[in-house]
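Quick notes on the structure that follows.
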Amino acid sequence: MKGPAARAAELRRLIERANSAYYVLDKPEMSDAEYDRLFRELQELEATHPELRTPDSPTQRVGAEPATAFKKHRHLVPMLSLANAFNEAELAEWEDRNARLVPEVRAAGYTLEVKIDGAAVSLTYEKGLFVVGATRGNGLVGEDVTANLRTVIDVPLRLTGKGWPKLMEVRGEVYFSKSRFAQLNREREQAGEPMFANPRNAAAGSLRQLDPKITRSRGLQIFCFHIEAPGQKLPAATQHELLEQLTAWGFPVEQHHTLVPDLPHANTDITRLEQLLPTLDYGADGVVVKVNPITLHAELGTVGNREPRWAIARKFAPEVQITKLKEIRINVGRTGALNPYAVLEPVEIGGVTVTTATLHNFDLIEAKDIREGDWVEVTRAGEVIPQVLGPVRERRTGKERKFKRPERCPVCHAKVEYPADEVMAYCSNVSCPGRILESIVHFAAVMDIRGLGYERVRALLDAKLIKDVADLYELTPIQLLTLDGFAEKSAQQLVDAIQASKQQPLSTLLHALGLRHVGAQVAKLLARHFGTMKALRNASPEEIGKIRGVGSANGHPPVALPSEGGRADRGGGRARGRQRVEEDHRPRRRCGRGVEAREGQGARHLGHRRGGTLAPRTGQTLSWRPR
Ligand SMILES: [Zn+2]
């Protein structure tokens with residue numbers, strides 16, 4: 001019988017090897033049951049001998065306790081972003097520019113790597129041990145998400161092989177496989193939670209969960225492709241060797257990378273890779289072309305310390321497919337805008353099955369003469385929202401039905417308004433159930449209220465338990481139990497999630513309220529500038545318009561003020577629901593404390609408008625546990 005220390009070391013080695021075989025090499029060499037048995041043995045051993053629990057132990061992948069906030073992490077070397085080339089000509093221009101600085105680049109060779117569409121991270125290794133993992137942040141400073149990255153199963157905690165620099169940052173891209181992403185969204189839909197828009201956002205969001213157990217449950221993966229080790233010698237002279245070295249040390253490296261002698265060969269290979277990308281189980285939005293010899297990287301340098309000259313992303317035009325448009329339907333958005341969309345014969349685009357696509361607005365449908373029953377070209381803009389490009393007129397049979405603009409709202413049958421200066425049409429009814437539903441679902445998604453998706457919001461509205469977002473904060477578990485689909489536990493969970501959302505910062509709240517022209521970015525600027533809802537409400541439109549980035553850059557008037565209910569509304573009506581919510585952000589003397597919705601405690605006071613007293617838990621710091 002071996003000593004416990006030796007056995008623990010052996011188990012760690014066996015388990016990590018099995019992990020690597022399974023996740024990195026994609027060749028499982030151990031049954032799940034065997035793996036579980038070894039894993040449990042190691043857990044038990046570490047429980048009896050806590051001194052044997054090392055930071056690189058695979059048991060530490062299960063996730064540490066939730067953090068309250070992320071520390072900032074300054075990258076040893078800034079994380080750069082890549083310039084894009086959208087065609088061969090742009091790629092040739094890139095080479096020409098480089099050759100003017102360093103003529104050898106033309107014959108130095110290029111590596112081509114699949115560009116993973118995920119969230120960029122930096123992994124710091126000291127003496128071969130994973131010590132810090134950080135998000136990209138602004139490139140100079142990111143967030144320390146070490147505990148979360150430990151749960152990413154194919155991040156090596158201890159490197160294999162030898163020859164690594166004592167201190168190095170390994171750069172990679174954390175991503176969801178397409179299959180895992182689809183599964184994740186199915187799970188969220190069933191749980192009534194807001195679905196993720198795309199794998200990239202889902203990856204970034206999952207990485208920034210304060211509770212590492214949530215990150216772990218999501219099933220992220222990583223590909224690595226770059227090393228920074230300032231002042232130290234790398235055991236690789238070229239990018240191609242570096243990728244092989246990363247693999248030898250145990251890092252997952254995307255396997256379709258190639259080495260080509262020059263740009264004409266690169267173009268041939270890029271064409272081949274373009275066909276391949278849609279068949280992969282992970283989102284890839286292009287090919288990264290890198291000058292192969294690493295010595296030339298330093299010579300070429302960077303553009304404004306922002307983009308390296310030695311690498312560029314060759315992006316592809318989005319895939320287009322043809323399918324049948326079965327029907328044109330209209331959804332009422334949270335601003336009352338009528339959003340026409342196409343119901344399609346299911347078609348696969350970029351590895352995702354598309355059944356609906358946006359038609360943007362009625363003008364566009366008419367300009368392109370898109371008819372029900374048409375064969376249409378469909379694409380996914382930015383790989384996210386599918387859209388109809390136009391009809392294939394040659395395939396018309398004469399049975400297609402021309403589109404007619406609605407005069408009445410499809411949800412509440414109120415008159416539809418067509419403002420002369422806008423392409424959008426609007427339902428004139430400010431309490432149109434369609435827009436209230438959308439605005440509450442949007443609010444829940446932005447405020448990250450888990451468990452509050454379309455179905456549940458609809459049920460709450462139907463049961464008249466809520467009329468607006470402010471009502472959410474007064475819901476009790478007992479009320480929820482009167483609805484279908486709630487048990488004691490799920491009712492309490494939803495109430496807890498709603499209450500926890502009071503901890504969201506002011507910027508998130510502003511975005512969540514869905515004020516016209518206030519997206520996430522403008523909300524951030526406003527929150528940063530004013531700090532409190534009170535200061536914002538007291539500000540004049542001129543003052544708001546003067547804030548950099550908020551003004552009428554895109555032809556919109558400056559932000560519609562919350563004091564106007566956020567709605568320069570059509571119909572002239574006041575949005576009562578929304579108005580009330582914002583009033584609750586006014587500091588209330590009756591609350592008896594310095595109650596201001598500050599950045600960092602934005603929504604805390606949403607709930608106690610009626611009594612004007614502090615709700616029992618308000619004012620104390622609620623522990624933030626998204627679940
Ligand atoms: Zn309506």
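The values are calculated or read from the model by the stated rules, or taken from the named source; none is laboratory data. A quick note: this is a predicted structure, and the numbers were derived from the prediction, not measured. Note: ideal-geometry Cβ built from the backbone for every residue, glycine included; neighbour counts use all protein chains shown.
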Residue count for segment 480-502, restricted to those that are touching a residue at least 24 places away in the same chain (Cβ under 8 Å) and farther than 27 Å from Leu210 by Cα: 3
Filter result for Val469 (within 16 Å of the ligand (Cβ to nearest atom) and closer than 30 Å to Val495 by Cα): no
Unmet criterion (only one of (1) away from the ligand (no atom under 16 Å from the Cβ); (2) within 22 Å of Gly485 (Cα to Cα); (3) modelled with pLDDT of 90 or more) for Arg450: (3)
All positions within segment 314-356 that are more than 19 Å from Lys402 (Cα to Cα) and in contact with a Pro (Cβ under 6 Å, 6 or more places away or on another chain): Gly350, Gly351, Thr353, Val354, Thr355
1 or more residues touching a helix residue (DSSP H, G or I) at 6+ places or on another chain (Cβ under 8 Å) and hydroxyl-bearing (Ser, Thr, Tyr): qualifying strands (runs of 3 or more DSSP E) within segment 225-315: 258-260
Test: residue in segment 277-288 that is aliphatic (A, V, I, L, M) and at pLDDT 95 or above: yes
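So, in segment 380-433, how many residues would count as being away from the ligand (no atom under 16 Å from the Cβ) and assigned to a loop (DSSP other than H, G, I, E, B)?
We begin by selecting, within segment 380-433, every residue away from the ligand (no atom under 16 Å from the Cβ); these are 380-404, 420-423.
Narrowing the set further to residues that are assigned to a loop (DSSP other than H, G, I, E, B) leaves 382-384, 392, 396-400, 402-404, 420-423.
The qualifying residues number 16.
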Neighbours by Cβ (under 8 Å, 6+ apart or cross-chain): first from segment 323-337, touching a residue at least 12 places away in the same chain (Cβ under 8 Å) and within 24 Å of Asn429 (Cβ to Cβ); second within 11 Å of the ligand (Cβ to nearest atom) and basic (Lys, Arg): Val332/Arg435; Gly333/Arg435; Arg334/Arg435; Thr335/Arg435; Gly336/Arg435
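Any residue at all in segment 351-369 that is of a type in the set (Asp, Glu) and within 16 Å of the ligand (Cβ to nearest atom)?
No, there is no match, as no residue in segment 351-369 is of a type in the set (Asp, Glu) and within 16 Å of the ligand (Cβ to nearest atom).
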Filter result (of a type in the set (Ser, Thr, Tyr) and over 22 Å from the mean Cα position of the chain (by Cα)) within segment 209-245: Thr238
Number of the condition not met by Glu455 [criteria: (1) surrounded by fewer than 19 Cβ atoms within 10 Å (Cβ to Cβ); (2) more than 16 Å from the ligand (Cβ to nearest atom); (3) assigned to a loop (DSSP other than H, G, I, E, B)]: (3)
Segment 319-350, residues that are polar (S, T, N, Q) and either away from the ligand (no atom under 16 Å from the Cβ) or part of a strand (DSSP E or B) (or both): Gln321, Thr323, Asn331, Asn339
Per-region count, segment 310-330, residues closer than 29 Å to Pro261 by Cα and at pLDDT 95 or above: 3
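With Ala313, Ala248 as the choices, which residue is under 23 Å from the mean Cα position of the chain (by Cα) and of a type in the set (A, V, I, L, M, F, W, C)?
Working: Ala248 fails: under 23 Å from the mean Cα position of the chain (by Cα).
Only one candidate passes the filter, namely Ala313.
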Qualifying residue in segment 73-88 (condition: among the aromatic types (Phe, Trp, Tyr) and surrounded by 15 or more Cβ atoms within 10 Å (Cβ to Cβ)): no
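Go through segment 434-447 and count every residue that is among the small types (Gly, Ala, Ser) and away from the ligand (no atom under 16 Å from the Cβ). Give the derivation first.
If we filter segment 434-447 for residues that are among the small types (Gly, Ala, Ser), which is where we start, we get 434, 439, 444-445.
Now drop any that are not away from the ligand (no atom under 16 Å from the Cβ), which leaves 444-445.
Number of matching residues: 2.
Each row is one residue, and each column tells you yes or no for (1) hydrophobic (A, V, I, L, M, F, W, C); (2) surrounded by fewer than 23 Cβ atoms within 10 Å (Cβ to Cβ); (3) within 25 Å of Gln232 (Cα to Cα).
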| residue | (1), (2), (3) |
| --- | --- |
| Ala107 | yes, yes, no |
| Ser122 | no, no, yes |
| Val131 | yes, yes, yes |
| Thr146 | no, yes, yes |
| Arg150 | no, no, no |
| Val155 | yes, no, yes |
| Arg158 | no, yes, yes |
| Gly161 | no, yes, yes |
| Lys166 | no, yes, yes |
Segment 385-401 residues that are closer than 11 Å to Arg371 by Cα, paired with ones that are among the small types (Gly, Ala, Ser) and surrounded by 12 or more Cβ atoms within 10 Å (Cβ to Cβ) (beta carbon under 8 Å, 6 or more apart): Lys399/Gly373; Glu400/Gly373; Arg401/Gly373
